[in-house]
Amino acid sequence: MELDKAHPELRGRLRWIPPLPFYSPLARRSFGLLSGLLSVVRKGFQGNDQIGVDRVDHGAAFSKVYRPLANAEGAAILWLHGGGFILGDVIQDDATCCRLVEALGVTVVSVNYRLAPQHPFPAALDDCLDSWCWLQDNAAGLGVDPDRVVIGGQSAGGGLAAALAQRLHDQGGVQPAGQLLFCPMLDDRTAARLELDGEKHFIWNNRSNRASWGDYLGQPAGQSTVPDYAVPARRDSLAGLPATWLGVGSIDLFAAEDVDYIERLRASGVDCELHLTEGGPHAFESFFPDASVSETYWQSAFDFLKRVLVLGR
């Protein structure tokens, strides 16, 4: 993709980010091993005088809990990291989770879910559900109102958040107050569009997308059928899902599928907001958090969270 399609504020920075060959099986295995080793070696953020940090085990996975030590609002966010379903861990989103705590006074529970291909669908979604159930069961001890919990995530984590919202809707019980979707990975049919390979999208391209969906689903992307809750965009009815904020850049590979999902939510009567950043590549708000377009993006997300969680800040 030509650099001049990116937002002017981001062009100079993007030229230093090389394309990562996640479409290569060897590269995926190597990055997966490296990610696993780093998760053991790195401790990440361990708390400070404003935020307390704990680890909780649930099922086959664990979560990292970030708690405001003062001015807590009694609400929470269940957060799911990105990484194409095949890599990543909670440590990579320390900055994101701390930002949410500091800006809003909410508790954040960040899930370290299992990864494909060693653990294909539904392992990651099961882990996210386990963490949701743990949060609900322990809400009182956390000082959280169980009805004031949003589920959110970035990229593959955004896709998992959307899938979890669908699963929770169908099983009943306490429902999320909203879903916060950062450039979510929602539709495996995008990966099956071979003409998108030539676009060479920044940060995450369609060849990597196709390989990741294949690892996650255990079948090639774009097949006629997929398991329930595996691919959020494949769900027939989106009626009854929680209020939704979705942010994505216009030059993100996922832009078209994300905009389509929001339009379907609106047509189904769901309260939703779309924040589309012109010239924004995939996950720009994390790679370039100090850019003004990223600050605007974050403020839109904060405004949504204040509204659906009834926050005083």
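The values are calculated or read from the model by the stated rules, or taken from the named source; none is laboratory data. For clarity, every value in this text was computed on a predicted model and none was experimentally measured. Here the Cβ is made from the backbone with ideal geometry for all residues, glycine too, and neighbour counts use every protein chain on show. Protein only, heavy atoms only, side chains kept; ligands, DNA and RNA dropped before computing areas. Shrake-Rupley method; radii C 1.70, N 1.55, O 1.52, S 1.80 Å.
Between Ala72 and Ser30, the distance separating the two model label sites (each 7 Å from Cα on the Cα→Cβ line) works out to 4.5 nm.
Highest GNM mean-square fluctuation among Gly59, Gly240, Gly173, for the chain modelled with Cα contacts below 10 Å: Gly173.
Between Ser224 and Gln118, the modelled labels are 3.6 nm apart [label points 7 Å from Cα along Cα→Cβ]. Springs between alpha-carbon atoms under 10 Å, Gaussian network over the chain: tell me which of Tyr229, Tyr23, Tyr297 tops the mean-square fluctuations. With Cα springs under 10 Å in the chain, the top fluctuation among Tyr229, Tyr23, Tyr297 is at Tyr23.
The mean accessible area for residues of the stretch 179-313, using a 1.4 Å probe and ignoring ligands and nucleic acids, is 38 Å² per residue.
Computing the accessible area with a 1.4 Å probe over protein heavy atoms, can you report the carbon and sulfur percentage for the chain?
Working: 6620 of 12650 Å².
Here carbon and sulfur together make up 52 percent of the probe-accessible area.
For helix 25-41, what angle does its Cα long axis make with the longest principal axis of the chain, in degrees from 0 to 90 and rounded to 10? The answer is roughly 30 degrees. Taking the Cα atoms only, what angle lies between the long axis of helix 255-267 and the longest principal axis of the chain, rounded to 10 degrees? For helix 255-267, the angle is close to 50 degrees.
The solvent-accessible area of Cys183, taken with every protein chain present and a 1.4 Å probe, is close to 0 Å².
Given the options Leu14, Leu246, Leu180, which has the most mean-square fluctuation in a GNM of the chain, springs set between C-alpha atoms less than 10 angstrom apart? In the Gaussian network model the winner is Leu14. Is the stretch 82-129 best put as rounded, prolate or oblate by its Cα gyration tensor, with a ≥ b ≥ c the root eigenvalues, rounded for a/c under 1.5, and otherwise prolate when a/b is larger than b/c, oblate when not? The shape class here is prolate. Rounded, prolate or oblate: which fits the stretch 179-313 when a ≥ b ≥ c are the square roots of the eigenvalues of the alpha-carbon gyration tensor, with rounded for a/c under 1.5 and prolate only if a/b beats b/c? Taking the square roots of the gyration eigenvalues as a ≥ b ≥ c, the stretch 179-313 is oblate. Apply 1/(1 + (r/R0)^6) to the Cβ-Cβ distance of Phe45 and Gln299, taking R0 = 35 Å, and write down the FRET efficiency to the nearest 0.05. Calculated value: 0.95.
Ligands, DNA and RNA are left out, and with a 1.4 angstrom probe the accessible area of the stretch 52-134 is 30 Å² per residue. Starting from the Cα of Asp236, step 7 Å toward the Cβ, then list every residue of the stretch 137-172 with an amide N under 17 Å from that point. Residues 166-167, 170-171 fall inside that zone. In plain terms, the chain from Arg15 to Asp170 could stretch by 51.4 nm, reckoned as 0.36 nm per residue minus the Cα-Cα distance.
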